[in-house]
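The values are calculated or read from the model by the stated rules, or taken from the named source; none is laboratory data. In this text, all values refer to a predicted model and were calculated from it rather than measured experimentally. Don't worry about glycine lacking a Cβ; one is built from the backbone with ideal geometry, like all the others, and counts go over all protein chains shown. Just so you know, the surface numbers come from the protein's heavy atoms only, side chains and all, with ligands and any DNA or RNA stripped out. Shrake-Rupley method; radii C 1.70, N 1.55, O 1.52, S 1.80 Å.
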Amino acid sequence: MPAPLKWTEKYRPATLKQVLGNGKAIDDLREWALSWERSEPITGAVILYGPAGTGKTSAALALAHDFDWDYIEMNASDARTAGMIEKIAVPASRSQTFSGKPRLVILDEADNLHGTADRGGAAAMLRLVRNTLQPVILIANEYYEIDKSLRDATRGIQFRSVRSTTIAQALRAICQAEGIDCNPDLLVTIAERAGGDMRSGINDLQAAAEGQETLREEDLATAQRDVKSSIFRVLEVIYKGNNAKEALEASYNLDESPEDLINWVDENLPLAYSGQDLLRGFETLARSDIFLGRVRRRQNYGLWRYASYLMTGGVQAAKKERRHGYVAFRPPSLWRRMGQTRKVRSIRDSAARKIGRHCHVSLAFARSELMDFVGMLLKDKKGAPQLAARLDLTAEEIALLMGSSPGTKKVQNIFEEAMRIQSREQIEEIELAWRKSSQPTLNKRSDGLLQTLSVEGLPDDETRHPARAPAGQDSQSAAPSVHRPETGLNGPEAKEPGRRGRPRKTEGEANEGKKDIKESTFKSGKRQKSLFDF
Ligand SMILES: Nc1ncnc2c1ncn2[C@@H]1O[C@H](COP(=O)(O)OP(=O)(O)OP(=O)(O)O)[C@@H](O)[C@H]1O
């Protein structure tokens, strides 16, 4: 059964007028857009910043709708940010649309670059906003987490928490649309609890009211209790309760997979148990881990059930001695350690994946046998850019393979030259496609021609062009969405439920996006020079 549509998506404002509150921010945004319409832009880019759930992303999307602009949207916090900004957002920001109207470039989570120490991404974003020929909107929660140079090059527009009366008004409208009879006092309670976060208010209302004819106080209380079913409460039930079924059921409401939950139980077991209880507890946990291993090896998720029984009810049953007193639970230290090296590991794996794909060997083989070899090849000044272009390496990957830092001139030169090689190849492909085409005039039947070109005309060299690469693990997450007003792709289904910020795309959606990128590339065919003029 498909997951029910989140009300936050169902009722996402379609126009700027529908974005409630933050009148000054909306006026500033509109004024900036009008300056672009007059071709006298106040600034190339603006940063919409402020607390979560206050309508920043909605306002950016609504702006594109109101002005009938194409838009391309990317999540800037992705590990491959620098490369994707250079390859997708920069060309999009420097090329004209077929209609001649501006194309809005939206980069969500622009402040997360700093957190992931992605200096390459920050530098790419700075280049983007300084050289853009198209309007760019950066979205962030923390203005001061964004590099100062980036702040100086843009205009900041602040979004503030939404007033509870405004949230209550939105909740009332949703209740009416859903045909639910809602007591206004209850709506005010939900709105006040939301603390200025409209998304949170709408989510709370949905949790309490969906499927009901009338919203009652008890529904609200139950929904609140469910929300509070946090990992700490589940740990409490496991270690302190004496009903195995209850321990298992408590874990059902958690937003954690058994793979994550076992780390929590493992970390906190020595804090909660001692002596023989601790020994038995770890024995049970070890058995649970065996099932998790089988799930991973066989991809048989049915076995999660046994792993979950053992790590919740099983661990609870291992306790013979009743314990009292407060235990300060803590998150798994394994995660803390892994978090410190996660970035490096993800760069290493993504480089190995690209090498493996190109050499037709497994990721493991590429990692253990070929990485050093490729590193050596990259030290050859002449061949390095060509190799980096073939493998589609990012600056971080080149640096890792060469054992240097991404900021060094050597690495930057290879990366930039590789980008130029890729761009040249793209132009050649486009020219080839044009030559192949039997209908060279754009004016007549241009849409059909563009369709033909984008679907059939291009040789599909997946390895060189990540925008067209097969939706592997990494390309999936970084794939941007390109939208044209007439395609109607910007519907509510575009966002994955339950995820903050922009959605990760499914394979199908990512491929859809890639086809659109091709189309919009061709739509700007008239201005190919600027499109590839890095
Ligand atoms: N000002 C608003 N008016 C109407 N609806 C809103 C408003 N703010 C948020 N919402 C609702 O909350 C949802 C999430 O809002 P949105 O994604 O625009 O928030 P955001 O400020 O970009 O949050 P984040 O910083 O977490 O990305 C929207 O889909 C919409 O349903």
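Considering only C-alpha atoms, what is the centroid distance from the range 124-193 to the range 307-323, in Å?
44 Å
Sort all Cα-Cα distances of the range 119-217 into consecutive 5 angstrom bins from zero, then give the percent of pairs in each bin up to the one containing the longest distance.
2, 12, 19, 14, 9, 7, 9, 11, 9, 6, 2
Keeping the other protein chains in place, figure out the carbon and sulfur percent of the accessible area of the range 337-436, with a 1.4 Å probe.
Numbers: 3150 of 5550 Å².
Accessible surface attributable to carbon and sulfur in the range 337-436 totals 57 percent.
Here are some pairs, Lys382/Lys410; Lys101/Lys436; Lys354/Lys379; Lys6/Lys101; Lys56/Lys343; Lys24/Lys148; which of them have Cα atoms lying more than 22 Å apart in this structure? List each step's numbers first, then the result.
Values: Lys382/Lys410 12 Å; Lys101/Lys436 29 Å; Lys354/Lys379 18 Å; Lys6/Lys101 32 Å; Lys56/Lys343 28 Å; Lys24/Lys148 24 Å.
Where the Cα-Cα span goes over 22 Å, the pairs concerned are Lys101/Lys436; Lys6/Lys101; Lys56/Lys343; Lys24/Lys148.
In whole angstrom, and with the biggest value first, how far do the Cα coordinates of the range 150-299 range along each principal axis?
Here the spans come out as 57, 51, 34 Å, largest first.
Give, in nm to one decimal, the length gained when the segment between Leu363 and Arg296 is fully stretched (0.36 nm per residue of separation minus the Cα-Cα distance).
Details: separation 67, 0.36 × 67 = 24.12 nm, distance 1.69 nm.
So the extension gain works out to 22.4 nm.
How far is it, in nm, from the label point at Leu34 to the one at Glu249 when both lie 7 Å from their Cα along the line to the Cβ?
Taking the two extended label points, one gets 6.0 nm.
Quick one: Cα centre-to-centre distance for the range 235-283 and the range 1-40, in angstrom?
When both Cα centres are located, 45 Å separates them.
If you take the Cα atoms of the range 231-329, find Rg, then find the Kirkwood Rh from the mean of 1/r over all pairs, what is Rg/Rh? Write down the numbers at each step before the final one.
Working: Rg = 12.6 Å, Rh = 13.2 Å.
Ratio value, two decimals: 0.95.
Which value in nm describes the separation of the simple spin-label points at Gln176 and Glu145, placed 7 Å from the Cα toward the beta carbon?
In this crude label model, Gln176 to Glu145 measures out at 3.7 nm.
Pull out the extension gain between Arg305 and Glu321, defined as 0.36 nm times the separation in residues minus the alpha carbon to alpha carbon distance; nm, one decimal.
Working: separation 16, 0.36 × 16 = 5.76 nm, distance 2.67 nm.
The span from Arg305 to Glu321 would gain 3.1 nm if fully extended.
What is the gain in length, in nm to one decimal, between Phe373 and Arg233 on full extension, counting 0.36 nm per residue of separation less the C-alpha to C-alpha distance?
Details: separation 140, 0.36 × 140 = 50.40 nm, distance 5.04 nm.
Between Phe373 and Arg233, full extension yields an extra 45.4 nm.
Would you kindly calculate the mean projected area, averaged across all directions, of the convex hull enclosing the Cα atoms of the range 164-215, in square nanometres? Walk me through the numbers on the way to the answer.
Working: hull surface 11.2 nm².
The orientation-averaged projected area of the Cα hull of the range 164-215 comes to 2.8 nm².
Go from 0 up to the bin containing the longest alpha carbon distance in the range 337-436, width 5 Å each, and give me the % of pairs per bin.
2, 14, 21, 22, 17, 11, 7, 4, 1, 0, 0, 0
Enumerate the residues in the range 50-67 having an amide nitrogen under 20 Å from the point lying 7 Å beyond the Cα of Ile42 toward its Cβ.
Only 50-51, 55-67 pass the distance filter.
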